[in-house]
Amino acid sequence: MPSLLGIDSGLTVTKAIIFDIDGTPLAVARRRVTQFMPKARHVERDMDELWNQTADAIAEAIKLSNRPTSDIQAIAATAHGDGIYLLDKAKKPLGRAILSLDSRAGSIVEQWLKSPVADESLKLTGQLPHVSAPSALLAWIKANEAERFAEIGHVLSCKDWLRFCLTGVVGTDRTEASTSFTNVTTQDYAPDALRLFGVDEITDALPPASRSDEIVGYVTEAVAKRTGLAKGTPVVAGLHDVTASALGAGGYAPGVVAVIAGTYSINETLSSKPSVDRRWFCRNAIAPGQWNNMSISPASSANYEWFLDKLCASDIVGAEAAGTSIHTMLGPEIEAAFNRPSSALFHPYLFGSPYGAEATASFFGLGGWHDRGDMLRAVLEGIAFNHKIHVDALSAGFSFDQARLAGGVSRNPIVVQMFADVLAMPVTVTETDEAAAWGAALCAGAGIGVYSSPQSDPRDVGKIARTYSPDPDRSADYRIRYQLFRDIAEAMTPLWPRIGNLATQHSQG
């Protein structure tokens, strides 16, 4: 039976999922990938480790599928966007990859935003520069690691590195190409953009961009031996995981806002013409003549995962020993907390925010009577409030009346209902657990002609979807909590830099 392989690499886990061509997942394998934080605001990973973990996941998925390798007809990768994966001129990794949670380039971006660069960037590229954009990271490397900058041979994204490992072919796709250096109108690379950010020396290092569903290479003999894949299996260009998630969740369409509650707070809607604004990025869609309008910040479910890792470590071990998940174990605590009044609020700014790189996470309104469930509720509400900031921004420029929610938190009905109440609009989720990988698989299938286009989803999405309608009374309550959430953030804006300065102070002996 024909099948498709979708690879989805996030910021902590890389996955390989084999799908039947009707969209049924046949096998899933996951591997964790180490994050390195050598100093404040630096978040990195080893590129070779990422590939080796991904290769192991592919091999395991093939084994678990109980299907012959020849059944896999095509492959596509998706992965976290922004950040930077560099190859030297010999096509070898040039240091560790810099992840999209990294904010080392904060001071550079602050200078740009206070200068004419900001407006020029918005007009030319359709977006303001931000701390994890390739433009900012390349400028930081040029200023701080001149020897490394001089050795740059190719500038890639995460999924482009995996595609190179599979095929030996350097390249990217249209969605990823537009993270910094394309003209928002023509949708092609713009040399003026590189000059604007002061990195025009690496113009030739930008990879050629293809459609996401275009076959760009084939599995090499070495990769076939390493993974069990069949040599010569077609590999398509793939796409940014934001777009892949919207596509796989059935939310890649005009009139719908796709809300991806992953590491980043991703909120996007599709349009047939470019519309630029400081509050969102206007980037290339899968097809020419369409644009993804994305309002984002690195402030979503990574905060929930951080809370679990740091404050629930022993419970995670206990849950695994009991054959269940930490999410299932904590479910009753969270549900009980949502059913009682609470003054606890949380700003989910562990890794970044819509208020700039200097914002930090914080709890407000805690009392000695609050318990862990109240704190978890506050974290989840804070994540939803941050998404609302972005959804409200998009609503000023685009028309939509429904949301599609994807991401790990979408598996919890209580949390999905909370999103509907916070956003005050119907929120639909599908049974697709691996939306991003399925979005990649749709591109792989379109590339070999199994589907007429990446948007030709063979599933009956209506049968696997559930829509949650907002409760008017709860929405009214959330408007009050949300306004206080925003008021506190505004009040903290002048204080966050002073808090950040504490990290640079040394005790006096």
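The values are calculated or read from the model by the stated rules, or taken from the named source; none is laboratory data. These numbers were taken from a predicted model, which means no experiment stands behind them. Cβ coordinates were reconstructed from backbone atoms using ideal geometry, including for glycine residues, and neighbour counts include every protein chain displayed. Note: accessible area is taken over every heavy atom of the protein model, side chains too, but ligands, DNA and RNA are not part of it. Shrake-Rupley method; radii C 1.70, N 1.55, O 1.52, S 1.80 Å.
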Legend entry - Heavy-atom accessible surface of the chain: percent carbon and sulfur, 1.4 Å: 52
Legend entry - Å² per residue, accessible surface of the stretch 345-466 at 1.4 Å: 34
Inset, instruction - Starting from 0 in steps of 10 Å, tell me what percent of the Cα-Cα pairs of the stretch 422-480 lands in each bin. - result: 20, 33, 24, 16, 6, 0
Legend entry - Ratio Rg/Rh, restricted to the stretch 108-261 and using Cα atoms, in which Rh is the Kirkwood radius: 1.01
Legend entry - Exceeding the 19 Å Cα-Cα cut-off - candidates LYS15/LYS92; LYS310/LYS388; LYS63/LYS92; LYS92/LYS159; LYS15/LYS63; LYS91/LYS225: LYS15/LYS92; LYS310/LYS388; LYS63/LYS92; LYS91/LYS225
Legend entry - the chain: calculated mean residue ellipticity at 222 nm from DSSP helix runs of at least 4, using -39500 (n - 2.57): -11500 deg cm²/dmol
Inset, instruction - Please report the Cα spread of the stretch 404-509 along all three principal axes, rounded to whole Å, starting with the longest. - result: 68, 42, 20
Inset, instruction - Normalise the Debye intensity by I(0) for the stretch 286-380, one equal point scatterer per Cα, no solvent, then take log10 at q = 0.12, 0.16, 0.19, 0.25 Å⁻¹ and round to two decimals. - result: -0.50, -0.77, -0.95, -1.28
Legend entry - Accessible surface, 1.4 Å probe, highest first, among residues VAL43, VAL317, VAL28: VAL317, VAL28, VAL43
Legend entry - Radius of gyration and Dmax over the Cα atoms of the stretch 324-458, both given in Å: 18.1, 61
Inset, instruction - Could you tally the net charge around SER399, taking each other residue with its Cβ under 15 Å from the Cβ of SER399, Lys/Arg +1 and Asp/Glu -1? - result: -3
Inset, instruction - Determine the sum of side-chain charges near GLY10: Lys and Arg each +1, Asp and Glu each -1, restricted to other residues whose C-beta is under 12 angstrom from that of GLY10. - result: +2
Inset, instruction - Take the Cα gyration tensor of the stretch 77-159, multiply each eigenvalue by 5, square-root it, and list the three semi-axes largest first, rounded to whole angstrom. - result: 23, 15, 11
Legend entry - Reach of LYS123 by Cα under 24 Å, taken over lysines that are not fewer than 8 positions away in the same chain: LYS114, LYS273
Inset, instruction - Please give the per residue accessible area of the stretch 1-104, computed with a probe of 1.4 Å over protein heavy atoms only, in Å². - result: 37
Inset, instruction - Counting only C-alpha contacts under 8 Å and six or more residues apart, can you give the relative contact order of the stretch 364-467 as a whole percent? - result: 22
Legend entry - Stokes-Einstein D (µm²/s) once Rh is taken as the Kirkwood radius of the chain over alpha-carbon pairs, at 25 °C in 0.890 mPa s: 106
Inset, instruction - Under 1.5 on a/c is rounded, so check that first for the stretch 46-94, then, if it is not, pick prolate when a/b is larger than b/c and oblate when it is not; a ≥ b ≥ c are the square roots of the alpha carbon gyration tensor eigenvalues. - result: prolate
Legend entry - Of all DSSP beta bridges in the chain, antiparallel share, percent nearest 5: 70
Inset, instruction - Just need log10 I(q)/I(0) for the stretch 215-355 at q = 0.13, 0.21 Å⁻¹, Debye formula, equal scatterers on the alpha-carbon atoms, no solvent, rounded to two decimals. - result: -0.88, -1.16
Inset, instruction - Using a cut-off of 12 Å between beta-carbons, work out the net charge of the residues near TRP280 (Lys and Arg +1, Asp and Glu -1, TRP280 not included). - result: 0
